[in-house]
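> One structure, as structure tokens, below. Some questions next.
Just so you know, all these numbers are worked out from the coordinates, no wet-lab data involved. Everything quoted here is computed from the prediction, not taken from an experiment. Virtual Cβ from ideal backbone geometry, glycine too; neighbours counted across all protein chains shown.
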Amino acid sequence: MKRLKMMPHKVVSAKINPRIDPEIKERAQKQLAQHGLTMSEFMRVMVTTIANQGLQRYYGFPNEQVIKSVNEVKDDLAGTKPLEGAGDKATLEKLLNE
């Protein structure tokens, strides 16, 4: 079996200093720790991936309509406000266009 030679790499680093709510940072660090990652390691992986592969095609922040739709589904699943059903195509199209 052929062994791959690891190319020596020069350790060069640039500092990224994002501003974030301390509580969010703490919650994120706890989540990352469960996966054996530090915040620095995660940021390095994410920034490297974006640099090499770009952002995912559908990456972005949800707009108001998407948030509203997600909340409607959450309410339906929780049983607090059932979604209106459609028994035919015309009713379905009407509901989808509201």
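> How many residues does segment 68-87 hold that are under 16 Å from GLU98 (Cβ atoms) and more than 22 Å from the chain's Cα centre (by Cα)?
Looking only at that region, the number is 7.
> Helices (runs of 4 or more DSSP H) wholly in segment 37-98 with at least 2 residues that are of a type in the set (Ser, Thr, Tyr) and surrounded by 10 or more Cβ atoms within 10 Å (Cβ to Cβ) - which ones?
39-53
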